[in-house]
1. If you average the sequence gap of Cα pairs under 8 Å that are 6 or more apart and divide by the length of the stretch 17-96, what percent do you get for the contact order?
2. Could you give the length gained by full extension between residue 37 and residue 62, i.e. 0.36 nm per residue of separation minus their alpha carbon distance, to one decimal place?
3. As an exercise, use a Förster radius of 41 Å and the Cβ-Cβ distance of residue 78 and residue 22 to find the FRET efficiency, rounded to the nearest 0.05.
4. Quickly work out the residue 95-to-residue 53 label distance, labels modelled 7 Å from Cα along the C-beta direction, and quote it in nm with one decimal.
5. Consider all pairwise Cα distances in the stretch 17-96 and report the whole-number % of them above 20 Å.
């Protein structure tokens, strides 16, 4: 079995320009595809710090909301998280439940 990045595609390539000609929209589309593939194929869960490292995604909640609007069943659980200041807070973890 190949590495995770072989399954998800290279993270270092520039986003293709969307049909609208908007590179930001193309980046969001690419992130959505990679996140969905990761959640479905790998049967894994994902939180914001992980999404930042794997997909350079700084707005995971937005991508999840967009996927849900497309009809994908994704659940959210809140888990304890220690932030950079040592404070315990809560962080959303997303899972594909379909």
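None of the figures in this text is laboratory data; all of them are computed from the coordinates on show. Keep in mind the model is a prediction, meaning the values are calculated, not measured. A quick note on method: Cβ atoms are made from the backbone with ideal geometry, for glycine too, and the neighbour counts reach across all protein chains shown.
1. 29
2. The span from residue 37 to residue 62 would gain 7.4 nm if fully extended.
3. 0.80
4. If labels sit at residue 53 and residue 95, their model points lie 2.0 nm apart.
5. 34
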